[in-house]
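Structure first, then comments.
The values are calculated or read from the model by the stated rules, or taken from the named source; none is laboratory data. It should be emphasised that the depicted structure is a prediction, and the values quoted were computed from it without experimental measurement. Methodologically, a virtual Cβ is constructed for each residue, glycine included, from the backbone with ideal geometry; neighbour enumeration extends over all protein chains shown.
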Amino acid sequence: MKEKFNVVGKPVIREDGKAKVTGQAKFADDYKFPNMIFGVMVRTKATHAIIKKIDYSEIENDKHIITIVDAKDIKGLKKTGLIRKDQPVFAFEKIVTPGDVVAMLLGEDEDKLRLLAKKVKVELEELPVLNDPEKALNEDSPLIHPEFGSNLIVHHPLRKGDIEKGFAESDFILEQTYTTPHIEHAYLEPECVIAIPLGEKGIHIIGSIQNPFTARRIVAEVINYPLNKVKIEQAELGGSFGGKDDLMCILSARAAVAALKTNRPVKIRYTREESILESYKRHPYRMHYKVGYTKDGKIKAMKIDILADGGAYCSMTPFVTWRSVVQATGPYEIENVWTDVRGVYTNNPYTGAMRGFGSPQIIFAQESLMDDIAVHLGITPDEIRRINGYRQGSITASGQRLENHEVNLLKVLDTACNETNFREKWIENEKHHNRRIPTIEFKENILKRNLILSKNEFINPDDIIKKGIGLAVSFRGSSLGAEGIDAAASYLSIQNDGSAYLLCGLAENGQGMRTAYAIIVSEILGIPVENIYYLEMTTAHIPDSGPTVASRSTIMGGGAVKNSAEILRKRFEDFLKDYWKLNENDLIVFENNEVYVKGKENLKLSFPEFANLAYKNGICLSSIGWYPGPKIHWEEETGHGSAYFTYVYGCQVAEVRVNIITGEVYVDRVTAVHDPGKVINLLGALGQVYGGVTQGVGYAIFEELDKHNGLPRELNFDQYIIPTSKDVGEIIPIFVEGKDEFGPWGAKSLGEPTLELTAAAINNAIRNAVGERYFNLPVNLEEVLLKRKLRPEDLKRGSL
Amino acid sequence: MKSKSIKKVKVKFKLNGKELELETKPNKRLLDLLRDDLNLTGTKEGCSIGECGACTVIMNGKAVNSCLVLAGEINNSEIITIEGIAQNGNLHPLQENFLKYGAVQCGFCTPGMILSAYALLRVNPEPDEETIKEAIAGNLCRCTGYKQIIEAIKHSTKITDG
């Protein structure tokens, strides 16, 4: 294993940075084409209804309308979906959620079209609305998608050991129920896509697309074209966090259908309101945990029942809930486990991939539970985790032995505890749980007294502000796991002057992937990062590498890039050995834009000289790298198997203050200790931690997408509140770089682990501050004060 | 009132240092004037209601949401967009530091963020951390958690525009 690095692990400036700070970077809506028209959506007011008739008579002759497209214009599949084909491109049988689109108006004046869209008359037969996932499973509930025979989308069971025996051997049993809400991705750039018809050459699509290859598959099957005639190009992506997948595929398909019908470039761009209305969300979970443990703190049995609200369409629900079933116990070795995770159709906004992908929910539950066990047994939160936490060789709930990588769970835990002085602070805070709100008592007649308070009548701020510290730990499978095919490709081409083109089949979502890849090439071939030009991502120029999800770009794409660079390095070394007549033992070094033989100073070329020489000698200067993930397996019936080929570990400690009069929680500091494997770009890695933790703070104390009859109440940033610059205190990232045989030099995953722990750590810190446990995210003001959420339909909600 | 009946007006203003005179409907948003008519697409639209700050530009020295400013209001004003703060091909120190401190991820909020900081530094060349946070509190970012942005602005202090 390489130990000394020239570029890897250092802070490197983003390759796309200059374009982004000068306003030159082109996002989808920045593209304009001659003759381009706009597509505007037609929706109904219904949540669940049968479509009887769509009547365009009032608008079809309007001069602003070039044409109208709906399901009748689709030549290929009318319904699509990444896992289950249940989502119509244009709704034609039923409306199943308020975001549904029945048609699209095409014209040059977008504003006019928006007005006309309201004049389309859709005749509907309303059906009962299902908003509660539990009720959706009742036998007499209407089926949202009758063709699938059930509102149950998926059920993942996991059985290990003998659950009843485990409970019988336990000294104590604790049962708790936790809930989490719908969460909006809130990428700053709303969705936008442009489809350009190319005649015989097919169709070219440019958009804010997270997964170009997925979009290509969906578009191709909707317009009935072969894959090679659908070219998807990714514009600069203004944030995604898992959110620009399914919907962007559908928008690409709508734009393509319209472009082929009109033979003109068609742009669709969403307002923020449309974006929040139609895009998918993070799954709300209802989680019931029953745990048995001994008086020594050893967990003997854990029974978990989870219901996930999948909303109106299947989307990624089967995979999101699968990650949950694998990781639901947390990183604890437990002999007897019985887990059921179900995903259910409702008429709520549909739910799919979002950074974390089924882990933030279960971590909130299981880590709250672990703290409660510790408190019950009179030990500290770190101790209960040390007793049960994974070590080298531990067996997971699915029966996988953790080996072939450093199992650093206890190392990240210890690092975080030492760094924050966790135990001492936690014990101290536990002594101050008096939640009595201080009041001033006037002994004399208030009318006669001097109303200026004397010093001893002031409320001491310490009496209303309580300090708390809390921690959470996790293990997380890297990449897709047994969800699907897992491989990635890379193209590297050195030019005669020593500069290079680089491209990987994964897509830049803003995370800094392209820069990490340039660093990897630089490390192997010694080419300066700034001499590497990262090519535009289109599906036409690189093999399908699967989706850019599951924190897999560094481990998988990085693996592919490393492979392509190593292919060239081997080829170059073979050439030089021959050219310079070297011995087998001579060591050729590629660094700082030079090539030389160690110990033989006369054998040295600048990399540009070398590239030119190699080219003139007929050496191919380009390569395609490939990185397939190792084999893994999963048994659906029992939940047994090696779910992921490797794992990462993290521990976050949150320090908060709680105002017990207002219910406000101030997040003063989050110490985030992560083992992502080898860090490739320190600047990018730090950015992942800061950003992930901040999203986690939003999840913990602010964010909730509330619905009324399936319709999101918060349709813009005036109501859907995400953290601002003033809402989060210090964030202290610490990396513990564990060794691993997979990924480039053991580099694994970081993007999602950073987010998944924060809400759980904050919830534990709040408990440490006030002595109360909260079971329902977000732990906002009313949750802290009233232990319930206030809704607009509540009467007198201000005076409770 | 139908928009048809609104007459175009002549507006004269300074954009990124250059005098400009053009005819426009007075009820057009400054954001659309910049993006659609002048092709300055560095100014972004994120929410259209003045909440996210992605469309921030400098108007008469102040950071404003260009989605809330109408073309009729800009007569005789001075507007600076993200395209206008680099001088003679050299990045502004704020731009340099945004790169150096890793303040950019997806980059969609970046132009607005830089311009809010630019407006702050013009009136307060040495702001403390709380003042910096306040100055960019109207610019939402979902990627960075703001830390590296604050760091970049902190290291750009004592530098006036120029």
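Is region A:599-610 home to any residue that is in contact with a helix residue (DSSP H, G or I) (Cβ under 9 Å, 6 or more places away or on another chain), farther than 24 Å from A:W745 by Cβ and in a loop (DSSP other than H, G, I, E, B)? For region A:599-610, residues in contact with a helix residue (DSSP H, G or I) (Cβ under 9 Å, 6 or more places away or on another chain), farther than 24 Å from A:W745 by Cβ and in a loop (DSSP other than H, G, I, E, B): absent. The set of residues in region A:9-44 that are without any contact (Cβ under 8 Å) to a residue 24 or more places away in the chain and at positive phi contains only A:G23. Of all residues in region A:215-233, those satisfying the criterion of being touching a strand residue (DSSP E or B) at 6+ places or on another chain (Cβ under 9 Å) and either over 16 Å from A:K201 (Cβ atoms) or among the hydrophobic types (A, V, I, L, M, F, W, C) (or both) are A:A215, A:R217, A:I218, A:V219, A:A220, A:E221, A:V222, A:I223, A:V230, A:I232.
Looking only at region A:380-396, filter to residues that are over 21 Å from A:N764 (Cα atoms) and of a type outside the set (A, V, I, L, M, F, W, C); which one of those is surrounded by the most Cβ atoms within 10 Å (Cβ to Cβ)? Filtering first and then ranking leaves A:T396.
Checking the condition within 12 Å of another protein chain (Cβ to nearest Cβ) and under 11 Å from the mean Cα position of the chain (by Cα), which residue from B:G61, B:G50, B:G46, B:G42 passes?
Details: B:G61 fails: within 12 Å of another protein chain (Cβ to nearest Cβ); B:G50 fails: under 11 Å from the mean Cα position of the chain (by Cα); B:G46 fails: under 11 Å from the mean Cα position of the chain (by Cα).
Of the residues listed, the single one that is within 12 Å of another protein chain (Cβ to nearest Cβ) and under 11 Å from the mean Cα position of the chain (by Cα) is B:G42.
From the list A:A560, A:A550, the one residue that fits, being outside any loop (DSSP other than H, G, I, E, B) and crowded, with 24+ Cβ neighbours inside 10 Å, is A:A560. Just to be sure, is A:E123 more than 27 Å from the chain's Cα centre (by Cα) and among the acidic types (D, E)? Answer is yes for this residue. Checking the structure you have, find out if any residue of region A:661-680 is touching a Pro at 6+ places or on another chain (Cβ under 9 Å), surrounded by fewer than 22 Cβ atoms within 10 Å (Cβ to Cβ) and over 30 Å from A:R272 (Cβ atoms). Yes; the residues of region A:661-680 include at least one that is touching a Pro at 6+ places or on another chain (Cβ under 9 Å), surrounded by fewer than 22 Cβ atoms within 10 Å (Cβ to Cβ) and over 30 Å from A:R272 (Cβ atoms). No other residue among A:L188, A:L198, A:L251 is without any contact (Cβ under 8 Å) to a residue 60 or more places away in the chain and buried (at least 24 other Cβ atoms within 10 Å of the Cβ) apart from A:L188. Checked against (1) in contact with a strand residue (DSSP E or B) (Cβ under 9 Å, 6 or more places away or on another chain); (2) farther than 30 Å from A:G352 by Cβ; (3) within 14 Å of chain B (Cβ to nearest Cβ), A:R14 meets all criteria but (2). Residues in region A:628-637 include none that are surrounded by 16 or more Cβ atoms within 10 Å (Cβ to Cβ), at pLDDT 95 or above and not charged (D, E, K, R). Which of the residues that make up region A:699-724 are in contact (Cβ under 8 Å) with a residue 24 or more places away in the chain, within 9 Å of another protein chain (Cβ to nearest Cβ) and not hydrophobic (A, V, I, L, M, F, W, C)? The answer is A:N716, A:P723.
In region A:236-260, how many residues are farther than 23 Å from A:S315 by Cα and touching a Ser or Thr at 6+ places or on another chain (Cβ under 6 Å)? Outline the logic, then answer.
Start the filter on region A:236-260 by keeping residues that are farther than 23 Å from A:S315 by Cα, which leaves A:236, A:258-260.
Among the residues that remain, those that are also touching a Ser or Thr at 6+ places or on another chain (Cβ under 6 Å) are: none.
Number of matching residues: 0.
Figure legend. Inter-residue proximity from region A:573-598: first residues more than 19 Å from A:G618 (Cβ to Cβ) and assigned to a strand (DSSP E or B), second residues modelled with pLDDT of 95 or more and of a type in the set (S, T, Y), beta-carbon distance below 8 Å, spacing 6+ or different chains. Indicated pairs: A:I588/A:Y596; A:V589/A:Y596; A:E594/A:S606.
For A:K455, the conditions (1) in contact (Cβ under 8 Å) with a residue 24 or more places away in the chain; (2) over 17 Å from A:G771 (Cβ atoms) are fulfilled apart from (1).
Suppose we keep only residues that are farther than 30 Å from A:G698 by Cα and crowded, with 24+ Cβ neighbours inside 10 Å within region A:204-214. Which one would you say is farthest from the other protein chains (Cβ to nearest Cβ)? Working first, answer last.
Initially, region A:204-214 is screened for residues farther than 30 Å from A:G698 by Cα, giving A:204-206, A:213.
Now drop any that are not crowded, with 24+ Cβ neighbours inside 10 Å, which leaves A:205-206.
Values: A:I205: 19, A:I206: 14 Å.
Restricting to residues being farther than 30 Å from A:G698 by Cα and crowded, with 24+ Cβ neighbours inside 10 Å, the top hit is A:I205.
The criterion of at least 1 residues that are within 14 Å of chain B (Cβ to nearest Cβ) is met by the following strands (runs of 3 or more DSSP E) wholly inside region A:221-293: A:230-234, A:266-269.
Close contacts from region A:725-750, counting a first residue that is within 14 Å of chain B (Cβ to nearest Cβ) and a second that is part of a loop (DSSP other than H, G, I, E, B) and buried (at least 19 other Cβ atoms within 10 Å of the Cβ), with Cβ to Cβ under 7 Å and a gap of 6+ residues or different chains, come to A:S725/B:I136; A:S725/B:Y146; A:V728/B:G145; A:I731/B:G145; A:L750/A:S551; A:L750/A:P676.
Per the conditions (1) closer than 21 Å to A:R159 by Cβ; (2) surrounded by fewer than 24 Cβ atoms within 10 Å (Cβ to Cβ), the sole criterion not satisfied by A:K295 is (1). Applying the criterion of being free of Cβ contacts under 8 Å to residues at least 60 places away in the same chain and part of a loop (DSSP other than H, G, I, E, B) to the residues of region A:611-639, the residue that is nearest to A:L503 (Cα to Cα) is A:C620.
Among A:I299, A:I218, A:I276, which is out of contact with any Asp or Glu (no Cβ under 8 Å at 6 or more places or on another chain), farther than 30 Å from A:G650 by Cα and in contact (Cβ under 8 Å) with a residue 12 or more places away in the chain? Quick ask: steps written out before the conclusion?
Working: A:I299 fails: farther than 30 Å from A:G650 by Cα; A:I276 fails: out of contact with any Asp or Glu (no Cβ under 8 Å at 6 or more places or on another chain).
Every option except A:I218 fails the conditions.
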